[in-house]
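The values are calculated or read from the model by the stated rules, or taken from the named source; none is laboratory data. Because the structure is predicted, anything quoted here is derived from the model rather than measured. All Cβ positions, glycine included, derive from the backbone under ideal geometry; neighbour counts span all protein chains shown. Side chains are part of the model used for accessible areas, which takes the heavy atoms of the whole protein and leaves out ligands, DNA and RNA. Shrake-Rupley method; radii C 1.70, N 1.55, O 1.52, S 1.80 Å.
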Amino acid sequence: MIADILTGAFRSGTSVMLASQGELISERAGVINLGTEGSMLAGALGGFAVTAWTGNPWLGTLAGGLCGLLISAIHAFLVLTCHANQLATGLTIMFFGMGLTSFFGRGFVSKQIVGFNPIPIPYLSDIPFLGQILFNHDPLTYLSIVLVPLLWYLLFRTRLGVILRAAGEREEVLFANGFNPKLVRYAAVLAGGFLAGIGGAQLSVAYTHSWVENMVQGRGVVAVALVIFASWKPTRAMLGAYLFGAAQALQLTVQQTQLPISPFFLFMLPYLLTLAALLVVELRQRSQTPEALGKVFTGNSAGS
C-alpha cells in the first residue's frame, strides 16, 4: 500500500508540480496569476483535443502548453498593459477558463485517445520497492523531475535568473541596466502559463487519457498556494506538489478499503493535508516575499 501511495504521489502530483513551477517563475518576476487554474484547464482540453485529432501525444502536450500560454497572455495584458488588479484579474481568468473549456470540450467527453503510458526504465524499474515508485512513469513525469533542478539553476546561478528576480524585487535596477521590467514580466507570465498548460495536458494525455468538464478540480489554485507557502523555492514547491499527489493516492486507497468514512471528507483530504503541511513549514521559517508581490498583497500598485 505504501508503494502505491508513493507511486501515486508522482503520477498525480506531476500536473500540480508543473503548474507550481510556472507560477513560481511568474511570481518571482512580480506577477501573481490566480488564473493558473484556467491555464491548466485550457492545457488539458487543448492537449486532449490535439492528441485525439493527430494521435500524437507530444503534439498534444505542445498544444496544451500553448493553450495555457494564450490564457496567461490575457492576464498579462490586463495586468501589465491595462494595469488591472492582479488578484481580481486572475480570478476572472480562472472562471473564463472554466467556461471556455466547458463550452468547447463538450464534444470530447466520450472520446478515447492513445496518450502517454508509463515507461519503465530498464534495470532501474526492477529494483524492489523503489523501482515501482521512481522509475515507472510517463515521459512528462520524468521531464518534470528534471525541470526542477534546471529551474533552480536558472533562477539562482545565471544572469537570466538575476534579471527575472530583479523584476520582482528592484525594477529600477533593471531600468538602470537597460532592461524593461514590463517585458521581463510579460515573458515570465507567458512562461508560467506554458508550464501550467503542460501540467493540464499531463492530466488528460498521460494521467487519465480522458477529458471531463473542470477536470483540474482546483489543482491550479493549489499550485499558487504551494508557491507562496514554499517560499518561492522550486524544490519546496515540488515537494508540496508530491505531497498533494500522495494525498490523492491515499484518498483512493482509503476508498478501496470501504472504511465508513464520508466520501466528501476523502475528497477534501488532499487539499487539507497539503495546506496543513505547508502552513507548518511557513510557521517554522518565514521568508521574504518578492517586493512587487508584497505591493499586490497590500493593495498598492505593483509598478507594472
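Taking a sphere under 9 Å around the Cβ of Ala188 and counting the other residues whose Cβ falls inside, with K and R at +1 and D and E at -1, yields a net charge of +1.
Compute the convex hull volume of the Cα atoms of the chain, divide it by the residue count, and report the result per residue in Å³ as a whole number.
Details: hull volume 43.1 nm³, N = 304.
Convex hull of Cα atoms, per residue: 142 Å³.
Based on every Cα atom in the stretch 1-147, Rg and the maximum pairwise Cα distance Dmax equal 17.5, 56 Å. Ligands, DNA and RNA are left out, and with a 1.4 angstrom probe the accessible area of the stretch 194-235 is 27 Å² per residue. Amide H to amide H, with H built 1.01 Å from N, His137 comes under 5 Å of Ile119, Ile121, counting only residues 5 or more places away or on other chains. When only alpha carbons are used to place a centre, the stretch 196-266 and the stretch 72-142 end up 11 Å from one another. The charge dipole of the chain, taken about its Cα centre with unit charges on the Cβ atoms of Lys, Arg (+1), Asp and Glu (-1) only, comes to about 380 debye. If you sort Ile5, Ile145 by accessible surface, 1.4 Å probe, largest first, the order is Ile145, Ile5.
Please sort through the DSSP H helices of the chain and keep those with an alpha-carbon extent of at least 18 Å along the long axis and a Kyte-Doolittle average not below 1.0. Display every interim value, and only then the final one.
Numbers: long enough: 2-28 (35 Å, 0.39); 36-54 (26 Å, 0.78); 57-76 (28 Å, 1.35); 86-104 (26 Å, 1.32); 139-157 (27 Å, 1.56); 181-201 (30 Å, 1.09); 234-256 (33 Å, 0.41); 263-284 (32 Å, 1.80).
Within the chain the helices that satisfy the rule are 57-76, 86-104, 139-157, 181-201, 263-284.
Compared with the direct C-alpha span, the chain from Phe156 to Lys233 gains 26.7 nm at full extension, assuming 0.36 nm per residue. The residues packed around Tyr242, meaning those with a beta-carbon under 12 Å from its beta-carbon, carry a net charge of +2 if Lys and Arg are +1 and Asp and Glu are -1.
A 1.4 Å probe over all protein chains sorts Phe179, Phe108 by accessible area into Phe179, Phe108, starting with the largest. Rolling a 1.4 Å probe across all protein chains gives Asp4 an accessible area of roughly 90 Å².
Among Phe265, Phe116, Phe175, the order of accessible area from largest down is Phe175, Phe265, Phe116, computed with a 1.4 Å probe on protein heavy atoms.
Distance distribution note for the stretch 40-123: the fraction of Cα pairs above 22 angstrom is 37%.
Note that the stretch 24-71 presents 26 Å² accessible area per residue, ligands and nucleic acids not counted, probe 1.4 Å. Cα gyration tensor of the stretch 1-60, axes a ≥ b ≥ c as square roots of the eigenvalues: rounded (a/c below 1.5), prolate (a/b > b/c) or oblate? Taking the square roots of the gyration eigenvalues as a ≥ b ≥ c, the stretch 1-60 is oblate. The percentage of C-alpha pairs in the stretch 113-264 whose separation is greater than 23 Å is 52%.
Applying 0.36 nm per residue to the separation of Val254 and Ile2 and subtracting their alpha-carbon distance, the gain on full extension is 89.5 nm. Need one number: convex hull volume per residue for the stretch 77-142, Cα atoms only, in Å³. So the per-residue hull volume is 171 Å³. Structural descriptor for the chain: relative contact order 36 percent, calculated from alpha carbon pairs under 8 angstrom and at least 6 residues apart. Quick one: accessible surface of Arg185, probe radius 1.4 Å, all protein chains present, in square angstrom to the nearest 10. Arg185 has an accessible surface of roughly 10 Å² with all protein chains in place. Helical content alone sets the calculated 222 nm signal of the chain at -23000 deg cm²/dmol, taking -39,500 (n - 2.57) per DSSP H segment of four or more residues and averaging over every residue. In the assembled protein chains, Ser144 presents an accessible area of approximately 0 Å² (probe radius 1.4 Å).
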